[in-house]
1. Has the range 37-45 got at least one residue that is polar (S, T, N, Q), modelled with pLDDT of 90 or more, under 30 Å from Q10 (Cα atoms) and out of contact with any Lys or Arg (no Cβ under 6 Å at 6 or more places or on another chain)?
2. Quick one: what pairs do we get from the range 91-114, first residue closer than 19 Å to A78 by Cβ and at pLDDT below 80, second of a type outside the set (G, A, S) and part of a loop (DSSP other than H, G, I, E, B), C-beta under 9 Å, 6+ apart or different chains?
Amino acid sequence: MQEVKQLAQQQSGRYLQQCKLCWVLEDSGRREIPRKILPQQAEQTLSQIKADLEGVNLQVEIEVREGHSVTEILEAAAMGDISAIAVSSGTIGKLQEWLVSSFAAELLRFSWYPILFFPNERGQ
């Protein structure tokens, strides 16, 4: 989110005016496996990020969804009439990426929207 915040500060409303923060809680399909994060916790975290981004004059909408992450993000993008999807990951392009798929890699493969990819810095 720091990269998005910096972009908003640098361009002062010319291009980046609003964003939608969407958190998808993966549906394991098994009721006996409890969720690591509850919807209320996800919404609280997104609300804090929203307040931070609104501090640089961005209009921010938040949404918590449940289901398959890539499907839900693409559906949220279609319903929200967005221009691009921003994603961050530390695994794109690394050896383990060839063996185990990640959310960011799947999104890059399946999205018909432009993807703004922000690689994680080492140690994050």
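The values are calculated or read from the model by the stated rules, or taken from the named source; none is laboratory data. Just so it is clear, the model here is predicted, and its values are computed rather than measured. Using ideal geometry, Cβ is built from the backbone for each residue, glycine included, and neighbour counts are taken over all protein chains shown.
1. Within the range 37-45, the first condition is being polar (S, T, N, Q), and the residues that meet it are 40-41, 44-45.
Of the ones still in play, those that are also modelled with pLDDT of 90 or more are 40-41, 44-45.
Narrowing further to those that are under 30 Å from Q10 (Cα atoms): 44-45.
Subsequent filtering for residues that are out of contact with any Lys or Arg (no Cβ under 6 Å at 6 or more places or on another chain) retains 44-45.
Checked the range 37-45: at least one residue is polar (S, T, N, Q), modelled with pLDDT of 90 or more, under 30 Å from Q10 (Cα atoms) and out of contact with any Lys or Arg (no Cβ under 6 Å at 6 or more places or on another chain).
2. none
The rows are residues; the columns are (1) modelled with pLDDT of 90 or more; (2) of a type in the set (S, T, Y); (3) not in a helix (DSSP H, G or I).
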{"site": "Q10", "(1), (2), (3)": "no, no, no"}
{"site": "L21", "(1), (2), (3)": "yes, no, yes"}
{"site": "V24", "(1), (2), (3)": "yes, no, yes"}
{"site": "Q48", "(1), (2), (3)": "yes, no, no"}
{"site": "I62", "(1), (2), (3)": "yes, no, yes"}
{"site": "I73", "(1), (2), (3)": "yes, no, no"}
{"site": "A77", "(1), (2), (3)": "yes, no, no"}
